[in-house]
Amino acid sequence: MAAMWSPIIGLLLLLLQLAPSSSSYIQLPLEGSVHPVGYFYVTMNIGGKPYSLDIDTGSNLTWLECKYPGHQCNTCKGPHRPYEPNRHHKKVMCGDQFCTDLHKDLPHYPEPRCYTQHPHECHYHIQYVGGTSSEGFIVNDTVSVDVLSPSLPSRRVQIFFGFGCGCNQKPLKDSPVDGVLGLGMGKVGFVAQLKAHNVIRKDIIGHCLSIDGGGYLFVGEHHLPDHITWAPMRKYSHYYTPGPAQLLLGGEKIGSQKMVVFDSGTT
Ligand SMILES: *[C@@H]1O[C@H](CO)[C@@H](O)[C@H](O)[C@H]1NC(C)=O
Ligand SMILES: *[C@@H]1O[C@H](CO)[C@@H](O)[C@H](O)[C@H]1NC(C)=O
């Protein structure tokens, strides 16, 4: 969710190819619209319950509105009840690899010290360019996804995945979503975790946003439409970007060449 906006005219297709190999993917219907909802989101089963998540190619960490045992949480009111880690959920501690990766993937958040004698839960704080923020602890629970591939029937797969239990969100207000699905290129991103669990082999993401609202999101190797123009993504950027570009609105140039980023989390 960077400070950018882009007019969505007709169908927008975003494709990011990052690495090679075989063909499986997940596809999720999108709900929401540019206006009046202001979000595009998927509904996914996490810990056996459904949650609506804002799809965000502009950030790495997935998080949910959450009630954390022993903590007073200030959560926004989303469409579903906040996630509550149960007794059996696997904790992610400050010394764990996931936590180290997390602090690399959240560039502006300094890693709190981890005392090996008294390791504490892995804490995160994510500040979006729009001024909103989420803070909480990393938990590890299952997510169920239907995996598709051309040669096999669809199969439901459950994987453990690390995400934020968002215990303090700002500003506090009602929201059409229960959290954010981090689709950025970081190790803690949803795509990297699907790949690490061999659910997908190729980390390609695509979304198709309808001008009437809705659409779909896929992750993995999908049957791609013909006539796609590919542009290499710049490395070493916080965001997916093809570099500087001239934007046109109804054929008219908008300002001069600008650095553009693909950020589905910004309306
Ligand atoms: C979550 O727990 C599972 C099962 O114990 C483990 O394999 C996985 O690595 C854990 N993931 C994270 C992010 O801690
Ligand atoms: C996501 O993680 C990658 C890899 O650590 C990092 O380069 C990038 O800046 C992160 N993106 C954002 C928006 O924080």
I'd like the accessible area for Ser52: 1.4 Å probe, protein heavy atoms, all chains in place, Å² to the nearest 10. 10 Å²
Taking 0.36 nm per intervening residue step and subtracting the Cα-Cα distance, what contour gain separates Asn140 from Lys90 on full extension? 17.5 nm
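About the Cα centre, and with charges only on the beta carbon of Lys, Arg (+1) and Asp, Glu (-1), how big is the dipole of segment 89-219? Nearest 20 debye, please. Mind dumping the intermediate values first?
Details: 12 positive and 12 negative charges, 67 e Å.
Magnitude of the dipole: close to 320 debye.
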Along the dipole axis of the chain (charges at Cβ: +1 for Lys and Arg, -1 for Asp and Glu; origin at the Cα centre), the most positive-end residue among Phe161, Val147, Phe190 is Phe161
So between Asn45 and Gln158, what do we pick up on full extension, going 0.36 nm a residue minus the alpha carbon distance? 39.7 nm
Tell me the label-point distance for the pair Lys258, Lys104, using the 7 Å Cα-to-Cβ offset, in nm and rounded to one decimal. 3.2 nm
Once ligands and nucleic acids are excluded and a 1.4 Å probe is used, how much of Ser154 is accessible, expressed in Å² to the nearest 10? 70 Å²
Please work out how many pairs of lysine residues in segment 130-267 are eight or more positions apart (or on different chains) and have Cα atoms closer than 29 angstrom. 9
What is the local net charge at Asp101, summed over the other residues whose Cβ is closer than 14 Å to its Cβ (Lys, Arg +1; Asp, Glu -1)? 0
Surface accessible to a 1.4 Å probe, Leu247 within the full protein complex, Å²: 70 Å²
Among Leu102, Ile138, Ser59, the residue whose Cα sits farthest towards the positive end of the charge dipole of segment 56-156, when +1 is placed on the Cβ of each Lys and Arg and -1 on the Cβ of each Asp and Glu, is Ile138
Which whole-number percent is the relative contact order of the chain (Cα, under 8 Å, 6+ apart)? 32 percent
Size of the dipole of the chain about the Cα centre, Lys and Arg at +1 and Asp and Glu at -1 on the beta carbon, nothing else charged, in debye to 20? 420 debye
Computed from the beta carbon distance with a Förster radius of 25 Å, FRET efficiency for Ser151 and His238 to the nearest 0.05 stands at 0.10
Running a GNM on the chain with Cα contacts under 10 Å, which residue among Gly58, Gly166, Gly250 ends up with the highest mean-square fluctuation? Gly250
Segment 47-131: C-alpha gyration tensor shape, a/c 1.5 cut-off, then a/b vs b/c: oblate
When every protein chain stays in place and a 1.4 Å probe is rolled, His89, His108 sorted by accessible area with the largest first are His108, His89
Distance cut-off 27 Å, percentage of C-alpha pairs in the chain lying past it: 37 percent
Förster radius 51 Å - calculated FRET efficiency between Glu111 and Asp212, Cβ distance, rounded to 0.05: 0.70
Using label points projected 7 Å from each Cα along Cα→Cβ, tell me how many nm separate His80 and Ala231, to one decimal. 3.5 nm
Rg in Å to one decimal, and Dmax rounded to a whole Å, for segment 93-208 via C-alpha atoms: 16.0, 51
Can you put Trp63, Trp230 in order of accessible area, largest first, using a 1.4 Å probe? Trp230, Trp63
Give me the Kirkwood hydrodynamic radius of segment 140-215, using the inverse of the mean 1/r over all pairs of distinct Cα atoms, in Å to one decimal. 14.9 Å
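The values are calculated or read from the model by the stated rules, or taken from the named source; none is laboratory data. Values in this document were obtained by computation on a predicted structure and should not be read as measured data. Please note: Cβ atoms are built from the backbone with ideal geometry, for glycine as well, and neighbour counts cover all protein chains shown. Side chains are part of the model used for accessible areas, which takes the heavy atoms of the whole protein and leaves out ligands, DNA and RNA. Shrake-Rupley method; radii C 1.70, N 1.55, O 1.52, S 1.80 Å.
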